[in-house]
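Single-structure report; data block below.
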Amino acid sequence: GGPTIQWRPGRQDLGENKCSPDGRLPDGSKRVDHVRDVFYRMGFNDREIVALTGAHVLGRCHLERSGFEGPWQEAPTMFSNDYFKVIAQRKWVKKELPNGGWQWSDKANPDVMMLPIEITMFEDEKLKPYYELYAKDEERSRN
């Protein structure tokens with residue numbers, strides 16, 4: 001189970017000029033300025049961008065789909081703030097992938113990964129405090 005989210009009627013969709021081209025999400029191989037360009041255009045602020053990345057606690061990457069491989073943490077079917085704990089508390093090493101790309105892997109558990117863009121986001125001086133806050137406080141990571 002995840003958090004209870006109250007439904008609010010009257011959602012307003014943004015125009016196409018506010019969305020990523022072709023509905024694409026940020027490119028995981030790029031740097032923090034790219035993710036800001038994508039999400040600022042949609043009206044997100046830095047805190048909201050970091051909070052949104054917390055959804056990576058669920059699921060995994062598939063090499064044939066995204067070009068990256070593996071889960072972001074050991075329990076990819078449990079909703080928690082573990083994504084923030086993992087990115088903040090682990091040692092990351094560069095791992096070459098069979099497709100010629102690369103990603104970050106947990107030194108102690110190489111099956112756990114982070115996208116290149118996520119580590120640059122975590123290292124950004126304006127974003128890092130939000131990662132650290134959400135790693136310490138699960139309730140704040142959900143609000």
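Brief remarks on what is shown
- Identity of the residue in the stretch 31-49, crowded, with 16+ Cβ neighbours inside 10 Å and of a type in the set (Phe, Trp, Tyr), that ends up modelled with the lowest pLDDT: PHE39
- Qualifying residue in the stretch 62-73 (condition: out of contact with any His (no Cβ under 6 Å at 6 or more places or on another chain) and touching a residue at least 60 places away in the same chain (Cβ under 8 Å)): no
- Residues being under 21 Å from GLU125 (Cβ atoms), touching a helix residue (DSSP H, G or I) at 6+ places or on another chain (Cβ under 8 Å), among the hydroxyl-bearing types (Ser, Thr, Tyr) and surrounded by 14 or more Cβ atoms within 10 Å (Cβ to Cβ) are represented in the stretch 50-64 by at least one member.
- Among all residues of the stretch 113-122, there is at least one that is of a type in the set (S, T, N, Q), surrounded by 15 or more Cβ atoms within 10 Å (Cβ to Cβ) and closer than 21 Å to ASP33 by Cα.
- If you go through the stretch 74-100 and pick out every residue that is assigned to a loop (DSSP other than H, G, I, E, B), under 23 Å from ASP124 (Cβ atoms) and modelled with pLDDT of 95 or more, you end up with 2.
- Test: residue in the stretch 97-108 that is small (Gly, Ala, Ser) and buried (at least 20 other Cβ atoms within 10 Å of the Cβ): yes
- Within the stretch 123-138, being under 18 Å from PRO3 (Cα atoms), in contact (Cβ under 8 Å) with a residue 12 or more places away in the chain and of a type outside the set (A, V, I, L, M, F, W, C) holds for TYR134, ASP137, GLU138.
- Of all residues making up the stretch 1-12, the number that are over 17 Å from HIS56 (Cα atoms) and at pLDDT 70 or above: 8
Residue-wise test of (1) within 14 Å of ASP46 (Cβ to Cβ); (2) modelled with pLDDT under 95; (3) not in a strand (DSSP E or B).
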position	(1), (2), (3)
SER105	no, no, no
ALA108	no, no, yes
ILE119	no, no, yes
PHE122	yes, no, yes
GLU125	yes, no, yes
TYR130	yes, no, yes
LEU133	yes, no, yes
ARG140	no, yes, yes
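- Qualifying positions in the stretch 43-81 - in contact with a Lys or Arg (Cβ under 6 Å, 6 or more places away or on another chain) and over 27 Å from LEU97 (Cα atoms): ASP46
- Test for ASP82: is it crowded, with 19+ Cβ neighbours inside 10 Å, touching a helix residue (DSSP H, G or I) at 6+ places or on another chain (Cβ under 9 Å) and among the charged types (D, E, K, R): yes
The values are calculated or read from the model by the stated rules, or taken from the named source; none is laboratory data. Please read all numbers here as calculations on a predicted model, not as lab measurements. Note: ideal-geometry Cβ built from the backbone for every residue, glycine included; neighbour counts use all protein chains shown.
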